[in-house]
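Remarks on the structure that follows.
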Amino acid sequence: MKTVKECIEDLRRCMTERVVKRVVIIPHISPDGDAAGACSALAEVMERLGVKWRILTCDYMPEYLRFLKHVPRLISYQDKPEDCRRLIAETDLIFMLDHNTTAREGDLEPFVREATAPRVIIDHHLEPDEEEVVISDTTVSSTCELLYTVITQIWGKGIVNADVANSLYAGINTDTGGLSHNSSRPETYRLVAELLEAGLDKAFVHEHLYQMNRLSRLRLLGYALLAKLKVTENYSLAIISLSKNELERFRFRDGDLEGLVNVPLTVRDVIVSVLVTERKDKVKLSFRSKGEVPVSEWTKRWFNGGGHLNAAGGQMELPLEEVVKLVEETAPVFFKEYAGIVKE
Ligand code: 5GP
Ligand code: MN
């Protein structure tokens, strides 16, 4: 198997052996801080290299991530499907950031699959699809951490300016819950030190990530924890479910629930936390766990999903109550078969 370093060399070759004048950069559906940070950072790098870039999304970036320099310039399929189709068809290279398969690109997927341009995955999820270039490392904290290695190996540390640094740090910080999980490698901290040297404005990033809430968002989180959190009798599983009506009552916007699923894990005996939310045409599930409890196995087997050992997700086209019931019914099987935990 190729090393990450060799895969980065593949990208270098891909970008020098052919004419690359314009690139398309795509995050996963429902982009988070890591996906958005990586897109904005890579866009800035392309800009500095004189390569035309577009960030295309199948949906929208949440508002709290719009402070990242290039996020406001993204084009959403929801607003401009025809532009997205054309830009993907005409591009020289497609970057797939923070996801391992075109199946995580929502409505953009068919265009991406039809395109003749080679695809480049830069990601930290397990089992990436085969593409022209696959730079995948599941040991890193985040795609942003890996992207730093990619861009500095190819273009040198001088390519990292303050805007690149701010975007990468936003991804590293959010994907590790503020450096609390997936962040035990010394390299991650050396990298953050280098970002500071490159001009990272940590206070600016923190302020925008964590101190710009709307009051209605805080009320929604409070409501979810006070009125909607259920903990199973044996106290190992926490479930929060929120219907479309409830979300609307608190004027829900994308990103408002960011972080909520982690909160029940602060309770001593809770080992898995699940957030189930009713969206436009599907029900979305988010799973988090402590220790060696592989929630990605749970989402893969029963909820059309995937993810990491401690953070996974999925989606279902069933009524909300039925999805919650399925979580409850499959819990004993999951705990027994995948975590070795049997409780009466
Ligand atoms: P979140 O709960 O933050 O939406 O997702 C946590 C992780 O689970 C993500 O980093 C992603 O890897 C994975 N994930 C979330 N939703 C899905 C999904 O629908 N399909 C797959 N394959 N993975 C998902
Ligand atoms: Mn990520």
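The values are calculated or read from the model by the stated rules, or taken from the named source; none is laboratory data. Remember, predicted model here, so these are calculated numbers, not experimental data. Heads up, the Cβs are rebuilt from the backbone with ideal geometry, glycines too, and the neighbour counts pull from every protein chain shown. The area values use the complete protein model at the heavy-atom level, side chains included, leaving out ligands, DNA and RNA. Shrake-Rupley method; radii C 1.70, N 1.55, O 1.52, S 1.80 Å.
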Would it be correct to say that ASP201 is among the acidic types (Asp, Glu) and either under 19 Å from PRO264 (Cβ atoms) or crowded, with 19+ Cβ neighbours inside 10 Å (or both)? no
Complete set of residues in the range 300-314 that are touching a strand residue (DSSP E or B) at 6+ places or on another chain (Cβ under 6 Å) and open to solvent by 70 Å² or more (accessible area, probe 1.4 Å): LYS300, ASN304
Hand me the list of strands (runs of 3 or more DSSP E) wholly inside the range 242-327 holding 3 or more residues that are over 20 Å from PRO31 (Cβ atoms) and aliphatic (A, V, I, L, M). 272-278
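Show me the helices (runs of 4 or more DSSP H) entirely contained within the range 148-212 in which 2 or more residues are within 16 Å of ligand 1 (Cβ to nearest atom).
162-175
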Given the structure, is GLU194 within 24 Å of the chain's Cα centre (by Cα) and open to solvent by 40 Å² or more (accessible area, probe 1.4 Å)? yes
Exactly one condition in (1) open to solvent by 50 Å² or more (accessible area, probe 1.4 Å); (2) more than 16 Å from ligand 1 (Cβ to nearest atom) is false for PHE111; which is it? (1)
When you scan the range 257-278, do you find a residue that is farther than 22 Å from LEU221 by Cβ and either assigned by TED's automatic domain parsing to the domain that holds HIS28 or surrounded by 19 or more Cβ atoms within 10 Å (Cβ to Cβ) (or both), even just one? no
Pairs, first assigned by TED's automatic domain parsing to the domain that holds LEU146 in the range 107-127, second open to solvent by less than 10 Å² (accessible area, probe 1.4 Å) and among the charged types (D, E, K, R), C-beta under 7 Å, six or more apart: VAL112/GLU105; ASP123/ASP98
Which listed residue, of LEU225, LEU195, is of a type in the set (A, V, I, L, M) and more than 30 Å from LEU326 (Cβ to Cβ): LEU195
Of the criteria (1) open to solvent by less than 10 Å² (accessible area, probe 1.4 Å); (2) away from ligand 2 (no atom under 16 Å from the Cβ); (3) among the aliphatic types (A, V, I, L, M), which one VAL51 fails: (1)
With open to solvent by 70 Å² or more (accessible area, probe 1.4 Å) and outside the structural domain of PRO31 (by TED's automatic domain parsing) as the only criterion, which of GLU246, GLU329, GLU297 stands out? GLU329
Search result, residues across the range 45-69 that are within 17 Å of ASP163 (Cβ to Cβ) and free of Cβ contacts under 8 Å to residues at least 60 places away in the same chain: MET46, GLU47, GLY50, VAL51, TRP53, ILE55, ARG66
Using the structure shown, decide if LEU42 is farther than 22 Å from THR152 by Cβ and either within 15 Å of ligand 1 (Cβ to nearest atom) or touching a residue at least 60 places away in the same chain (Cβ under 8 Å) (or both). no
May I ask you to say which residue of ALA224, ALA170, ALA165 is in the same structural domain as VAL327 (by TED's automatic domain parsing) and surrounded by 19 or more Cβ atoms within 10 Å (Cβ to Cβ)? ALA224
Residue in the range 285-320 that is farthest from ARG249 (Cα to Cα), counting only those that are of a type outside the set (S, T, N, Q), touching a residue at least 40 places away in the same chain (Cβ under 8 Å) and more than 7 Å from ligand 1 (Cβ to nearest atom): GLU292
Restricting to the range 92-108, and then to whatever is within 15 Å of THR57 (Cα to Cα) and either open to solvent by 10 Å² or more (accessible area, probe 1.4 Å) or of a type in the set (Ser, Thr, Tyr) (or both), can you tell me which residue is farthest from ligand 1 (Cβ to nearest atom)? ASP107
Inside the range 121-140, the number of residues satisfying the requirement of being open to solvent by less than 10 Å² (accessible area, probe 1.4 Å) and away from ligand 2 (no atom under 16 Å from the Cβ) is 1
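Quick one: which residue in ASP59, ASP98 is of a type outside the set (A, V, I, L, M) and within 16 Å of ligand 2 (Cβ to nearest atom)? Steps first, answer last, please.
Values: ASP59 fails: within 16 Å of ligand 2 (Cβ to nearest atom).
Of ASP59, ASP98, the one residue that is of a type outside the set (A, V, I, L, M) and within 16 Å of ligand 2 (Cβ to nearest atom) is ASP98.
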